[in-house]
Amino acid sequence: MNPRIVAALISRYIYLYARSPIRMVEMVFWPMVDILVWGFLTVFLQRNTSGDFPQFITFLLGAMILWDILFRAQQGVAISFLEDVWTRNLINIFVAPVRTAEYLGATFVVGLMRIAVTVTALVLVGWFAYSFNLFVLEWWLLPFFVNLMLFGWSLGIISTALILRWGQAAESLAWAVPFFIQPVVAVFYPVSVLPGWLQPVALALPVTHVFEGMREVMKTGTMDWTSLVWAMALNLVYLALAGALFVWILRFTRSRGLLTKFATQ
Amino acid sequence: MSAAATDEILLEAVELTREFDGVKALDRFSFQLRRGEVLGLLGANGAGKTTAMNCLLGLTLPTSGSLYAFGLELQQHRVAILRKTNFSSSYVSLPGNLKVWQNLLVFARIYGVPQPRRKIDELLERVEVAHLRDRITGQLSAGEATRVNLCKAFLNDPELLMLDEPTASLDPDIADKVRKIIRRARDERQMAILYTSHNMRDIEEVCDRAIFLHKGRIVAEGPPAEIVRRSTEQSLENVFIKIARSGELEDEPASPPVP
Ligand SMILES: Nc1ncnc2c1ncn2[C@@H]1O[C@H](COP(=O)(O)OP(=O)(O)OP(=O)(O)O)[C@@H](O)[C@H]1O
Ligand SMILES: [Mg+2]
């Protein structure tokens, strides 16, 4: 891993975003629409029901912001790769002395920058529209953030590997992959709502523990930290598996001669 | 061979074979490229030129055979080799949404070029496109983009340079300039250059040696003028057509017709 090369790759994305700030709109616009529409709907429902769920709005807003940490981390990897596909730059990168880890490392950092933009916007909207303060999660926020980001990276690598394998026809996976797991990882409702057979699947995905933990902390002010350690361990396994999948698919596309076809089509 | 060529082998293929769906795009293709030498790969569309280059760049894995650059096995030493190598082609472009200098600066940083900005200015000057420095890459004409791509290919002062049809879609004037740039790179920097082109003038003016491929096999090899002399043809162009149509060049007496 050569930091100079990672920095060089990152500088490309910075030029890209600096040149067309319009790209940032997408990072802010949809999350804002989501948080406003669903936020106000929840406020409305809360006012018109018996009020059994005093924390419903906080759960929802917290879940939305945390989900976007995962989603933006995934997008950082997948969209950065697609930028290289769209601009027919992949071959230039592959014939340069860039290691796979350096390339992915740069996209991780781009993910971090995307998170910074989106989450800042959401935290501000949450505060002004609903007086919601994400920092009620206090220092629990840190392990939540790390776990969500790591899993976002894994999903990003998996999306990229699938696009590499199936070509541009599979481009929409860049946006779809995180939503494959969204119903299962208990973002907006507890794991206990899921059918029994699905619950072990949910618990095998690291971010389930983050969303369960978030509600726990909001309700009681604390949570069982061992589940976060478990999440972290799971995350490292997923990251290693995603990396192995990527290397394997890269090798496969090279052996089929698909890499150049894909990169120049 | 040019005066610049040395005995040092920078690139070598040994029995390189690449099949696609059972069809051999390259069939036991072997060659050596020396420091300071320009080697032209010639052949009809689909002869296997690009496939050879892709294998030599590690973009495509060979079905069988061995590849070496700087004496090192290609796949095992990919990064070390690529540091001293570069590539350009008319079908690969730099990102169209950045300015020329931004694109070049990104690659200069990737290659770890010392004093990158100075190097970029010097290279743009060398290929006579200094005025394009601040232009959006995507808005360049084909000829301008080709020369900017060449700047990218020269950024790391490569010892080994691979060019896939670098003069495709260039006007005769610019094509002539590109040939001069390539010759200078060989003469002044002792670059080893592997070159494909469909332009026979390119090959005659630039290449010290040429290899004719037909269906992935070598059918003729040698300095371009010598290939013509050995054949019954009048020009390299005619040799090309002959090989493309019949798949061979009769420099030996033809075998007697089968009764
Ligand atoms: N990824 C691939 N999958 C299947 N067949 C391929 C692939 N890449 C190349 N081929 C085939 O291999 C053969 C050689 O192709 P190649 O691109 O090397 O030719 P070329 O000599 O560069 O031709 P041109 O002058 O048209 O550029 C062709 O028949 C081509 O269809
Ligand atoms: Mg070709």
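For residue A:116, the criteria (1) within 14 Å of chain B (Cβ to nearest Cβ); (2) surrounded by fewer than 20 Cβ atoms within 10 Å (Cβ to Cβ) hold in every case but one, which is (1). Of the residues B:52, B:25, which is part of a helix (DSSP H, G or I) and either buried (at least 21 other Cβ atoms within 10 Å of the Cβ) or within 15 Å of ligand 1 (Cβ to nearest atom) (or both)? Checking each option against the conditions leaves just B:52. Only one of the numbered conditions (1) buried (at least 21 other Cβ atoms within 10 Å of the Cβ); (2) touching a residue at least 60 places away in the same chain (Cβ under 8 Å); (3) of a type in the set (Gly, Ala, Ser) is not met by residue B:13, and that is (2). When A:247, A:217 are screened for being in contact (Cβ under 8 Å) with a residue 24 or more places away in the chain, away from ligand 2 (no atom under 16 Å from the Cβ) and under 18 Å from residue A:191 (Cβ atoms), only A:217 passes.
In the range B:35-55 there is no residue that is free of Cβ contacts under 8 Å to residues at least 40 places away in the same chain and over 21 Å from residue B:212 (Cα atoms).
For the residues B:48, B:58, B:96, B:36, the requirement of being over 23 Å from residue B:191 (Cβ atoms) and under 18 Å from the mean Cα position of the chain (by Cα) singles out B:48.
Taking the range B:55-100 as the range and being away from ligand 1 (no atom under 16 Å from the Cβ) and β-branched (Val, Ile, Thr) as the test, the residues that pass are B:79, B:81, B:85, B:100.
Residues to consider are B:51, B:6; find the one that is more than 13 Å from ligand 2 (Cβ to nearest atom) and either more than 20 Å from residue A:95 (Cα to Cα) or assigned by TED's automatic domain parsing to the domain that holds residue B:80 (or both). None of the other options fit; the residue is B:6. Listed by position, the helices (runs of 4 or more DSSP H) enclosed by the range B:58-138 that each have at least 1 residues that are within 9 Å of chain A (Cβ to nearest Cβ) and touching a Gly at 6+ places or on another chain (Cβ under 6 Å) are B:78-83. If you scan the range B:36-46, which residues turn out to be crowded, with 20+ Cβ neighbours inside 10 Å and either over 18 Å from residue B:202 (Cα atoms) or acidic (Asp, Glu) (or both)? Listed by number, the list holds a single entry, B:37. Apart from one condition, residue B:128 fits all of (1) more than 18 Å from the chain's Cα centre (by Cα); (2) modelled with pLDDT of 95 or more; (3) of a type in the set (Asp, Glu); the exception is (2). In the range A:218-249, of all residues being surrounded by 14 or more Cβ atoms within 10 Å (Cβ to Cβ) and farther than 16 Å from residue A:154 by Cα, the one that is nearest to the chain's Cα centre (by Cα) corresponds to A:228.
Within the set B:245, B:179, B:229, the sole residue that is among the basic types (Lys, Arg) and within 23 Å of residue B:54 (Cα to Cα) turns out to be B:179. Evaluate the range B:153-171: report whether one residue or more is more than 9 Å from chain A (Cβ to nearest Cβ), on the phi > 0 side of the Ramachandran plot and within 16 Å of ligand 1 (Cβ to nearest atom). Looking through the range B:153-171, at least one residue is more than 9 Å from chain A (Cβ to nearest Cβ), on the phi > 0 side of the Ramachandran plot and within 16 Å of ligand 1 (Cβ to nearest atom).
Would you say residue A:248 is of a type outside the set (Val, Ile, Thr) and within 14 Å of chain B (Cβ to nearest Cβ)? Against the criterion (of a type outside the set (Val, Ile, Thr) and within 14 Å of chain B (Cβ to nearest Cβ)), residue A:248 qualifies.
Scan the range B:143-171 residue by residue and report those that are among the hydroxyl-bearing types (Ser, Thr, Tyr), buried (at least 22 other Cβ atoms within 10 Å of the Cβ) and over 11 Å from the mean Cα position of the chain (by Cα).
B:146
Looking across the range A:1-33, just one residue is away from chain B (no Cβ under 11 Å), over 19 Å from the mean Cα position of the chain (by Cα) and in contact (Cβ under 8 Å) with a residue 40 or more places away in the chain, and that is A:1.
(1) in contact with a Pro (Cβ under 7 Å, 6 or more places away or on another chain); (2) on the phi > 0 side of the Ramachandran plot: which one isn't true of residue A:147, the others all being true? Every condition holds for residue A:147 apart from (2).
Quick one: in the range A:250-260, which of the residues that are free of Cβ contacts under 8 Å to residues at least 60 places away in the same chain and more than 19 Å from residue A:101 (Cα to Cα) is nearest to ligand 1 (Cβ to nearest atom)? Full working, then the answer.
Going through the range A:250-260, the residues free of Cβ contacts under 8 Å to residues at least 60 places away in the same chain turn out to be A:251, A:254-257.
Still in the running and more than 19 Å from residue A:101 (Cα to Cα): A:255-257.
On the way: A:255: 10, A:256: 7, A:257: 3 Å.
My answer is A:257.
Elements of the type strands (runs of 3 or more DSSP E) sitting completely within the range B:151-215 and holding at least 3 residues that are among the basic types (Lys, Arg) and within 16 Å of ligand 2 (Cβ to nearest atom): there are none.
Hey, residue B:20 hits all of (1) of a type in the set (Phe, Trp, Tyr); (2) within 16 Å of ligand 1 (Cβ to nearest atom); (3) crowded, with 19+ Cβ neighbours inside 10 Å but one; which does it fall short on? Against the list (1) of a type in the set (Phe, Trp, Tyr); (2) within 16 Å of ligand 1 (Cβ to nearest atom); (3) crowded, with 19+ Cβ neighbours inside 10 Å, residue B:20 comes up short only on (3).
Mind checking which residues of the range B:24-48 are more than 16 Å from ligand 2 (Cβ to nearest atom) and of a type in the set (Phe, Trp, Tyr)? If the condition is that a residue be more than 16 Å from ligand 2 (Cβ to nearest atom) and of a type in the set (Phe, Trp, Tyr), then B:31 is the only one that fits.
Would you point out which residue out of A:69, A:35, A:79, A:91 is touching a strand residue (DSSP E or B) at 6+ places or on another chain (Cβ under 8 Å), part of a helix (DSSP H, G or I), aliphatic (A, V, I, L, M) and buried (at least 22 other Cβ atoms within 10 Å of the Cβ)?
That would be A:91, the only listed residue that is touching a strand residue (DSSP E or B) at 6+ places or on another chain (Cβ under 8 Å), part of a helix (DSSP H, G or I), aliphatic (A, V, I, L, M) and buried (at least 22 other Cβ atoms within 10 Å of the Cβ).
Pull up the range A:91-140, narrow it to residues that are hydroxyl-bearing (Ser, Thr, Tyr) and free of Cβ contacts under 8 Å to residues at least 40 places away in the same chain, then point me to the one that is farthest from residue A:61 (Cα to Cα). So, considering only residues that are hydroxyl-bearing (Ser, Thr, Tyr) and free of Cβ contacts under 8 Å to residues at least 40 places away in the same chain, the one farthest from residue A:61 (Cα to Cα) is A:120.
The values are calculated or read from the model by the stated rules, or taken from the named source; none is laboratory data. Quantities reported herein were computed from a predicted structural model and do not represent experimental measurements. Neighbour counts are summed over all protein chains in view; Cβ atoms, including those assigned to glycine, are modelled from backbone coordinates with ideal geometry.
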